[in-house]
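Below is one structure; the comments refer to it alone.
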């Protein structure tokens, strides 16, 4: 594995940390992760609630190495890699378009979110997974957690190995579309997908 991995016992935000770090350093295949994040960020400027014991990670790779993925599809691509890994251990999962992972025990509960930034020709991907606890949140969705026993460092290594593999976008999108066709009924999504994973119309 070509990755350099750093672990923090506590951090404000793995995503913010890398966004600052790439201003000063030329990073590639670099990952940081923690079991506790105090000030995480989600999509559309929302906060990602941290609870000690869950998994928080961000990684950076060169954009040119992943130019086979439409740039607007990066979050779909990486979220599906995470979904596939968790699916091996937890059968009842679904992706809510475009990049949130839910567990379907009685009702959908969000267990993971993926955030992608592109800056200075780098991809910075942040991933939060409720591996142990479901934090209390004030949102339109309910929070859940995995109901399996798996160590955070094992998930980190599997995610990075999947990224390094560079599976073709066409393969990922084919599998993603099948999951989307199931999830659109659950989340009442009326539209179909374009080839880049965006919603039609």
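The values are calculated or read from the model by the stated rules, or taken from the named source; none is laboratory data. Quantities reported herein were computed from a predicted structural model and do not represent experimental measurements. Heads up, the Cβs are rebuilt from the backbone with ideal geometry, glycines too, and the neighbour counts pull from every protein chain shown.
Values as computed for the structure displayed
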quantity: Number of positions in segment 164-191 that are over 30 Å from residue 3 (Cβ atoms) and touching a residue at least 12 places away in the same chain (Cβ under 8 Å); calculated: 6
quantity: Failed item, numbered, when residue 30 is tested on (1) over 12 Å from the mean Cα position of the chain (by Cα); (2) at pLDDT 95 or above; (3) over 22 Å from residue 157 (Cβ atoms); calculated: (3)
quantity: Members of segment 134-162 that are under 18 Å from residue 11 (Cα atoms) and modelled with pLDDT of 85 or more; calculated: 152, 153, 156
quantity: Test: residue in segment 47-57 that is buried (at least 21 other Cβ atoms within 10 Å of the Cβ), at pLDDT 95 or above and more than 20 Å from residue 109 (Cβ to Cβ); calculated: yes
quantity: Qualifying strands (runs of 3 or more DSSP E) (wholly inside segment 46-157; at least 3 residues being on the phi < 0 side of the Ramachandran plot and without any contact (Cβ under 8 Å) to a residue 60 or more places away in the chain); calculated: 100-105, 107-119
quantity: Residue within segment 169-186 that is in a loop (DSSP other than H, G, I, E, B) and either within 20 Å of residue 59 (Cβ to Cβ) or out of contact with any helix residue (DSSP H, G or I) (no Cβ under 9 Å at 6 or more places or on another chain) (or both) present; calculated: no
quantity: Residue list for segment 158-168, filter: touching a helix residue (DSSP H, G or I) at 6+ places or on another chain (Cβ under 9 Å) and either surrounded by 17 or more Cβ atoms within 10 Å (Cβ to Cβ) or not in a helix (DSSP H, G or I) (or both); calculated: 158, 159, 163, 166, 167
quantity: Counted residues, segment 94-109 - those being surrounded by fewer than 21 Cβ atoms within 10 Å (Cβ to Cβ) and either within 16 Å of the chain's Cα centre (by Cα) or at pLDDT 95 or above (or both); calculated: 5
